[in-house]
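Chemist: Sharing a structure with you now.
None of the figures in this text is laboratory data; all of them are computed from the coordinates on show. What you see is a predicted model; the values in this text were computed from it and never measured. We place every Cβ from the backbone using ideal geometry, glycine too, and count neighbours over all the protein chains shown.
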Amino acid sequence: MKIQVEIKRTVVAVLVAAAVLEPMLKHRILMAAIMLGEAALSPLLAGNILEEIAARDEVADAVVASIRTVDELKAKQAAWRAYWLDALGEMPARTPLNARVASRAEYDGFRLENIIFESQPGVYVTAHLALPMRPRGSAALPVVLMPLGHSDAGILNPRYAAHLAMAARAGFAAFAWDPISQGERRQACDKKYDYTDNCSTEHSRLGARGWLVGWNFARFRIWDAVRAIDYVESRPDLYCSRLGIMGTSGGGTMSAYMQAFDPRVKVAFPNCYISSLREVIGARGCHDAEQFFFGQLQHGFNHAALLAMGQPRVALATGSRWQDYFPHVGAISTFTMFTNMTARLGFAGPYWHFHCDGPHGLPPPTRAAQVDWMRHCIQGASAPNPLVAYHALGGVANDDPANSSPLPFPKEASFCTPTHQVRDLPGFRSAYTLIADEAVRLAKMRTRHTRGELREIVRRRAGVRPLADLPATAQKPFDHPKFGWWYLPGVFGTRRENEAAMLATLGRSVVGRDAENIIIAAAAQMKANGGKPVPLVAKGWNCIAAAHAYAAEPQLFSEVRFSEAPPSWTELVRNPDPTHDSYAIAVWGALKDYDWPDLIH
């Protein structure tokens, strides 16, 4: 075994040296070094997150491409699911839905029911069920789930409303629900903290808070979808034996997730989401809070893995647009690799990739293509028409950017709650409250750690490497001029937030990187000081990284002096003011083991 380890280290050293001498070989060499899994990668990776993300994403693709038997696929699916459940955080318990129909009305070719259910106690979900017009006592209807994309208006976004009505007129029970922070589900109970400019701002704030307790924001989104399926299954007038799901953008994300997560989903059409992580992140960094996971590229969990997780159960179509920020080139490469895998394994599918011109969104051709895919796979209709037939529908390039199309029902007829916000309902519990309660629960469970234990914990949680593995000079922040976190300013600015998200996909953190830089500087000062430890001095938000540096290498420091230190993470999570919510000062799941002030006490 020792000889094998030494050989592997020698190979990695040769690869690193070759990459330095011949930069054109760097990417392929980096992929090979990742497969060998050695710490000697650091000289090759220094300063370029995008290169490592691209290489790790390609390695993850190669794993999917290497699957040759159904047993191999099942083993990979089990490994991906185990990782994903851990990255999401423990899912809630199934509790009574307490569902009720708030109102019913009939419109042109469909009936609309406005519904409220509870995905968790006090977590109210507003939903909309569009049903085709038919005589009473007719046979149960097939169901298509329609998770909504990012839009403050929720179902009142004209594209989503029109799509819901289209599916109902095609003979489906079409079920859509407002995501957290959208439509009637704003979460901030104190309206002075209600950031209504963009729902994704609140997603990001909740995502950063949940990060500390080991919850990804996708946990809330997925559980709402699981309970939405529970609701439609409870209705005797609906049948779910060929349950379908289709959505675009954030709804495409949820469609991809649910076909992988819930075995009850049999047909799926995620649109404007599936691409490749190297293309998506390379174009503009990470996206919404539920669209990246801590350590996902370390575990080979990328878009290709997501598609493979639903096989052979799911009849799958994917969609993309040629000018999208989920790049079309990545969508084609991932879908091609996916269908090559399914062909090798003899899966029948069916499978289809639909694309059209124009920017990100849900134009009429895509709406028609999604409904036709559901008709084909669920109702037994003919296969979808050639692409040219959909392009002839028009509206592709412009896609009504002002959202000015008329709604298929009156605006006032779509509301489920008297005040148009669930936070005014009795017993309402916000996502902020759920995260704060979890932080308090974890604080009560934590035990005091020794210095040796804290050192190992910050290595594992924050990714602070041992002093011997660190470079001689400080690591520069990744500062790409076109990258910014779209929604969350954080405490160091939007670019640092995006850097934190990108590092997270690699299982690292800005806190850990900054702690390493403090350690590098302290070690150099200690050497210049004749081997005597040096004082650790920090101010403001930098105290968090400094505390991690002290926990990782306490022998470097003679004393600790902090000024204007920020509140503990637990205090930040319990404070309703979201001004300081930030991925750049957070460590994934840290509150399971420690709060940052614990590191210096």
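Chemist: Calculate the spin-label point distance for T433 paired with S138, positioning each point 7 Å from the Cα along the beta-carbon direction, and give it in nanometres.
Modeler: Here the answer is 4.0 nm between the modelled labels.
Chemist: A follow-up question, please. Restricted to Cα positions, what overall size does the range 100-424 have along the principal axes? Three whole-Å values, descending.
Modeler: Extents along the principal axes: 52, 50, 37 Å.
Chemist: Do any trypsin sites (Lys or Arg not before Pro) in the range 102-160 lie in a DSSP loop with no more than 15 other beta carbon atoms within 10 Å, and if so, which?
Modeler: Listed in order of number, the matching sites are R136.
Chemist: Hey, got a sec? Which chymotrypsin sites (Phe, Trp or Tyr not before Pro) in the range 465-528 land in a DSSP loop and have at most 14 other Cβ atoms within 10 Å? Before the final figure, lay out each step's value.
Modeler: On the way: sites: F478, F483, W485, W486, Y487, F492; in loops: F478, F483, W485, W486, Y487, F492.
Of the chymotrypsin sites (Phe, Trp or Tyr not before Pro), not one in the loops of the range 465-528 has a Cβ with at most 14 other Cβ atoms within 10 Å.
Chemist: Follow-up question, since we're still on this one. Counting other Cβ atoms within 10 Å, which trypsin sites (Lys or Arg not before Pro) in the range 191-276 have at most 14 and lie in a DSSP loop? The partial results should precede the final answer.
Modeler: Details: sites: K191, K192, R205, R209, R219, R221, R227, R242, R264, K266; in loops: R264.
Loop-located and lightly packed - none at all.
Chemist: Taking the chain as the reference, fit the longest principal axis to its C-alpha atoms, fit the long axis of helix 494-505 to the helix C-alpha atoms, and give the angle between the two in degrees, 0 to 90, nearest 10.
Modeler: 90 degrees
Chemist: Still on this structure, please answer the following. What's the longest piece of the chain with no exposed GluC sites (Glu not before Pro), counting a site as exposed if DSSP puts it in a loop and it has at most 12 other beta carbons within 10 Å?
Modeler: Formally, the longest exposed-site-free interval is 91-563.
Chemist: Quick one: what Rg and Dmax do you get for the chain from the alpha carbons, in Å?
Modeler: 25.2, 90
Chemist: Based on DSSP, what percent of beta bridges with both residues in the chain are antiparallel, to the nearest 5?
Modeler: If we restrict to bridges inside the chain, about 40 percent are antiparallel.
Chemist: If you take all C-alpha pairs in the range 446-600, what percent of them are over 21 Å apart?
Modeler: Value for the range 446-600: 44 percent of Cα pairs lie more than 21 Å apart.
Chemist: Normalised by the number of residues in the chain, what is the relative contact order in percent for Cα pairs under 8 Å and 6+ residues apart?
Modeler: Here the relative contact order equals 16 percent.
Chemist: Just the number, please: percent antiparallel of the DSSP beta bridges in the range 65-222, rounded to the nearest 5.
Modeler: 90 percent
Chemist: Can you give the FRET efficiency to the nearest 0.05 for N48 and D237, using r as the Cβ-Cβ distance and R₀ = 56 Å?
Modeler: So, using R0 = 56 Å, E works out to roughly 0.50.
Chemist: In whole angstrom, how far apart do the alpha carbon centroids of the range 221-268 and the range 112-177 sit?
Modeler: Taking the Cα centre of each part, the range 221-268 and the range 112-177 sit 12 Å apart.
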